[in-house]
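Worksheet for the structure shown next.
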């Protein structure tokens, strides 16, 4: 969610704090996913609100981003899968495409190989394509791109196909239901977009190895990870804690940039550029084969 909208941020923080208080606190010795983040959220809520449980709630904001946060928080409290509104999913997906385009420009300014790749014809894999926000954005911005988008959710691909057609890039984008760990090396890609927090913790290592095996010579994987914590720092940022709780409870990958660097090294790749997105608590890395090996 945007860090530039203070009202939306305050509303989302309040929702997550309320959700943390509504969820029974796990015992200190529990191994419940996200227990540490949940405890810290509850501590922040108590410091902010004391014991005043009857405070009137603020008027419900209309921002879609806040509705998404409420859906996520409610899902964790009630134990049900989150059901995010289709319109919100579409908005988020399209925004992510524009954000990645901007990030690619920054990374390419530090990685001559990525810059050369983007300036020519290339074949791209969009892992977890969702509504094809990234796939369609890259296709529209780069006429020489051919994008293969895969997702394990066949339902969302119906919306993705509508997006691709409505944005006039159906001839450049191929969408398919599939899992990143099942890729065949001979599929051959020049560029891969891999957002690890979208994958499960258990399949992260296999996913890195899988996409590395499909890279053509000179190819790049742009991989997203959580930002590295600062040494000795314990964050009480509410949305950061909420993200950690959410990802843990859903079994999503919580690797930081340091862990990604170790994983890509094991897969025979090396880093070429790095972009720390402090506002989003994320790091993007451009990695690829080492020409000297």
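Some notes on this structure:
- Single unsatisfied condition, residue 282 versus (1) touching a strand residue (DSSP E or B) at 6+ places or on another chain (Cβ under 7 Å); (2) over 30 Å from residue 46 (Cβ atoms): (2)
- Test: residue in the range 211-225 that is surrounded by fewer than 17 Cβ atoms within 10 Å (Cβ to Cβ), without any contact (Cβ under 8 Å) to a residue 60 or more places away in the chain, part of a helix (DSSP H, G or I) and not assigned by TED's automatic domain parsing to the domain that holds residue 19: yes
- Only residues that are part of a loop (DSSP other than H, G, I, E, B), within 20 Å of the chain's Cα centre (by Cα) and free of Cβ contacts under 8 Å to residues at least 60 places away in the same chain were counted in the range 112-144, giving 4.
- Residues being surrounded by fewer than 24 Cβ atoms within 10 Å (Cβ to Cβ) and touching a helix residue (DSSP H, G or I) at 6+ places or on another chain (Cβ under 7 Å) - total across the range 115-136: 3
- Only one of the listed residues (186, 203) is within 30 Å of residue 36 (Cα to Cα), in the same structural domain as residue 104 (by TED's automatic domain parsing) and part of a helix (DSSP H, G or I). That residue is 203.
- Restricted to the range 181-210, and to residues there that are more than 18 Å from residue 282 (Cα to Cα) and out of contact with any helix residue (DSSP H, G or I) (no Cβ under 7 Å at 6 or more places or on another chain), the residue that is surrounded by the most Cβ atoms within 10 Å (Cβ to Cβ) is 209.
- Scanning the range 242-278 for residues that are under 30 Å from residue 24 (Cα atoms) and assigned to a helix (DSSP H, G or I) yields a count of 8.
- Test: residue in the range 94-111 that is surrounded by 12 or more Cβ atoms within 10 Å (Cβ to Cβ), modelled with pLDDT of 55 or more and assigned to a loop (DSSP other than H, G, I, E, B): yes
- Residue match in the range 152-171 (condition: modelled with pLDDT of 95 or more and part of a strand (DSSP E or B)): no
The values are calculated or read from the model by the stated rules, or taken from the named source; none is laboratory data. Everything numeric here is computed off the predicted structure, so don't read it as measured data. Glycine gets a Cβ as well: all are built from the backbone with ideal geometry, and neighbour counts include every protein chain shown.
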